[in-house]
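Since every read-out is calculated from the coordinates, none of them should be taken as a lab result. Treat the numbers as computed from the prediction; the structure is a model and nothing was measured. Glycine also receives a Cβ, built like all others from the backbone with ideal geometry; neighbour counts cover every protein chain displayed.
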């Protein structure tokens, strides 16, 4: 599975099979996490066999099942773009997980922040977590906004690379599927602007990664 197929195939999954992540898959995940930490300066971690983190009222209300494994997106509070970094590198890991046959769900509030077993150094915080495991199903596609509503260019005016990036951008997971972002073209790069919402910067990072991975061009945030 290549990256574009992974973007199309990946949907949010909240119900997982009650089985541990395979040793090979866990090793591959930790490899990509180490790579992301080296690039980003973050402290992202894979936490396995921890049923307590999702043993909360909100998690049960959100219909999470067997969410015993998760990726904790941890970083220094002093990083001015921490939320955006978390979104960008978290999505890179999410798509790698999809390629490994695993399913995921971004979670910002429906988990026990005080129960999360991720290690935090002084001055660090947990931005959010990503539930991960073998899904009971593959999830369902979310409804996407039309390209004309999130881009200044008409579809038939877009260069091929830009169109590929836009088609991947609208498939990116965003908070409550609001897709509050706008993308324009600037020469050989794209420029993305975030809308207003508490999780807008995380969403911005997620969308940026999808665009860049599918287009092969930079997507610069404003």
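Quick notes
- The residue list 25, 84, 35, 31 contains one member that is assigned to a helix (DSSP H, G or I) and either touching a strand residue (DSSP E or B) at 6+ places or on another chain (Cβ under 9 Å) or closer than 23 Å to residue 176 by Cα (or both), which is 84.
- Residues being closer than 19 Å to residue 96 by Cα and either touching a residue at least 60 places away in the same chain (Cβ under 8 Å) or touching a strand residue (DSSP E or B) at 6+ places or on another chain (Cβ under 7 Å) (or both) - total across the range 40-67: 7
- Condition broken by residue 118, with the remaining ones in (1) buried (at least 16 other Cβ atoms within 10 Å of the Cβ); (2) touching a helix residue (DSSP H, G or I) at 6+ places or on another chain (Cβ under 8 Å); (3) in a loop (DSSP other than H, G, I, E, B) satisfied: (2)
- Residues of the range 2-29 that turn out to be within 26 Å of residue 213 (Cβ to Cβ) and surrounded by 13 or more Cβ atoms within 10 Å (Cβ to Cβ), as a count: 18
- Test: residue in the range 31-38 that is within 24 Å of residue 136 (Cβ to Cβ) and either crowded, with 20+ Cβ neighbours inside 10 Å or touching a helix residue (DSSP H, G or I) at 6+ places or on another chain (Cβ under 7 Å) (or both): no
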